[in-house]
Amino acid sequence: MDKKRKYAKFLIEGCLKLTKKDKLFIIGSTLIKDFITLVIEEAQKIGINDIETLISDPEKEKELLLNETYENIIKSPYFDISKYNTLAKKGYAFLNLSSPLPNYFNGVDKELLAKVNKFKAESIKIYREYQNKGLVKWNISAVPNEIWANDIEGVNTTDELWELIFKICLINEDDPVLAWTNKIKKLENRANYLTNLKIDKLIYHNSLGTNLEIGLPKNYLFKSAEGTNLVNMPTEEVFTSPDYKRVNGIVYSSKILVYQNSIISDFYLKFKDGKIIDYDAKIGKNILKGIIETDEGSHFLGEVAIVDYNSPISSTNIIFKNTLYDENASCHLAIGMGFNECLVNGLSMNNEELQASGINYSLEHVDFFIGTSDLEIKAVLQNGTTLDIMKKGNFMEV
């Protein structure tokens, strides 16, 4: 079987774990229409006929952003993603085919772009609530395009990028589903270990200047990708949500962040009692400002994720300029929304109950990368004991 088709089949049957009874919503762009066709064909082969798509057109979006007012831009169908809400209510499974365009919107006014990104986040609020309560199946996976491939140092062609994705996503294996099942079991064991430690707070240090303490909710749960389906492909992380009011200190980014196809790099965030009180970036400060100022919750953290520095993605020595890949090459944090599933009984709680338990609420959820070869993380347990979680960037196996 052609590897692109094998990848499409894996996303449908291995990641989303769909059957003929399911309904599918595919989100992608005009740049990857051929691959979207493969996904539709593979879904139809197992009997799925109720398939909806939302295909963005980056060229037309850029033209509007360069030439129209904010009021006209948000009225345009090219920026209408409210279909997310409608199809979440109808029980569709969501397949988001991420195909980044780093630097593509460089000429667009950054404040305008931040306002448009906020509008888009607000327009799918219902979908986010369904997602956080575990009411929809969803998956995000990457699909190469020529612009993305040409912007990655160490990658010369789109075909080379495809081959990297096939390798990292274990598509070259005879049975990718079995290969991922075995990998996820290891991550699940790690998540269970961290949950059972009963950690009060995590303390981060590295030579970039990171000096950060992150408190965890009393009834936190660490999670891996194990569940009814794989939400990220690939995945190398175990994660939880912090107590959003118990974060203090400073953290420095270790990789560039591509947010809505704009670059943010060499930035830091400073926290007091959970809230971001200072920040700066050498590139993309206005974009970072737009993220932080989306709403009150975007001034706080929603995720803490642990990833080995020598993970398979990190070992490629390539910065993919795609959050999906770069976050799985590095320990990371996320600004904004926390995870209901990362708290005991969290899926049955409302937003007020979650916040009272320490889980942040926001329209945003933006991962950024902090892992380095010398990152050390210590855990202070609820009984006062301190132990090493990570040394030299890697998890301390037990």
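Of note:
- C-alpha center-to-center spacing [the range 206-234, the range 1-58] in angstrom: 29
- Anisotropy class of the range 26-77 from Cα gyration tensor, a/c 1.5 cut: oblate
- Centre separation in Å (Cα based) which lies between the range 323-386 and the range 83-136: 20
- Within the set [x] 20.7; [y] 18.1; [z] 29.9, the number that mean projected area of the Cα convex hull in nm² takes when calculated for this structure is listed as [y].
- A simple packing score, the average count of other Cβ atoms within 10 Å per residue, orders the peptides 277-283, 301-307 as 301-307, 277-283, with the highest score first.
- Each of Val116, Val258 has some number of other Cβ atoms within 10 Å of its Cβ, and from fewest to most they run Val116, Val258.
- Gaussian network model of the chain, springs between alpha carbon atoms under 10 Å - residue of Leu381, Leu324, Leu216 with greatest fluctuation: Leu381
- Modelled label reach - Ser373, point 7 Å along Cα→Cβ, the range 297-336 residues with backbone N closer than 17 Å: 308-319, 329-331
- Whether the range 3-168 is rounded, prolate or oblate, judged on the alpha carbon gyration tensor where a/c under 1.5 counts as rounded: oblate
- In this Cβ point-charge picture (+1 for Lys and Arg, -1 for Asp and Glu), the range 3-168 has a dipole of about 1060 debye about its Cα centre.
- Considering only Ser330, Ser348, Ser265, the Gaussian network model of the chain with Cα springs below 10 Å gives its largest mean-square fluctuation to Ser348.
- Using only alpha carbons, the range 180-330 has a radius of gyration to Kirkwood radius ratio (Rg to Rh) of 0.96.
- Least to most buried among Thr323, Thr86 (fewest other Cβ within 10 Å first): Thr86, Thr323
- Label-point gap, in nm, between Ser265 and Ile74 - each point 7 angstrom along Cα→Cβ: 3.2
Here, each number is a calculation from the coordinates, and none is a lab measurement. This one's a predicted model, so the numbers in the text were calculated from it and none came from an experiment. Glycine gets a Cβ as well: all are built from the backbone with ideal geometry, and neighbour counts include every protein chain shown.
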